[in-house]
1. Quickly run through the stretch 5-21 and pick out the residues that are surrounded by 10 or more Cβ atoms within 10 Å (Cβ to Cβ) and assigned to a helix (DSSP H, G or I).
2. Across the stretch 23-70, which residue is nearest to Ala13 (Cα to Cα) among those that are in a helix (DSSP H, G or I) and of a type in the set (Ser, Thr, Tyr)?
3. Can you confirm whether Ser2 is loosely packed, with under 10 Cβ neighbours inside 10 Å, out of contact with any His (no Cβ under 8 Å at 6 or more places or on another chain) and not in a helix (DSSP H, G or I)?
4. Just checking, does the stretch 45-54 include any residue being loosely packed, with under 11 Cβ neighbours inside 10 Å and among the basic types (Lys, Arg)?
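Coordinate-derived values only; no laboratory data. Quick caveat: nothing in here was measured; it's all calculated off a predicted structure. Ideal geometry is used to build each Cβ from the backbone, glycine not excepted, and the neighbour counts take in all protein chains shown.
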Amino acid sequence: MSITIELDKMTTADKIRAMESLWDDLCRHADRMPSPSWHKDILSQREKSVAKGKEKFNDWNKEKERIRKSLT
């Protein structure tokens with residue numbers, strides 16, 4: 001299947017919405033995609049950083065809203 005999208009004619013907001021739609025679809029079918037072996041190593045490193053209190057997290061919905069506002 002081939003999909004052609006004229007990216008240069010899309011607004012930034014349209015591109016972000018398209019990416020979100022693609023990501024949502026990929027997430028619905030995540031069980032069909034095996035993770036690369038290096039993911040385990042990265043996740044392990046990040047878990048250690050979180051346990052040591054070295055990581056800071058932001059609410060994803062708030063960040064998406066901040067990004068959207070910065071684009072308008």
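1. Within the stretch 5-21, Thr12, Ala13, Asp14, Lys15, Ile16, Arg17, Ala18, Met19, Glu20, Ser21 qualify.
2. Here is the first cut: in the stretch 23-70, the residues in a helix (DSSP H, G or I) are 23-28, 30-32, 37-51, 60-70.
The next check asks that each one be of a type in the set (Ser, Thr, Tyr); those that pass are 37, 44, 49, 70.
Values: Ser37: 34, Ser44: 34, Ser49: 33, Ser70: 10 Å.
Only one residue tops the list, namely Ser70.
3. Working: loosely packed, with under 10 Cβ neighbours inside 10 Å: yes; out of contact with any His (no Cβ under 8 Å at 6 or more places or on another chain): yes; not in a helix (DSSP H, G or I): yes.
Yes: the conditions hold for Ser2.
4. Yes.
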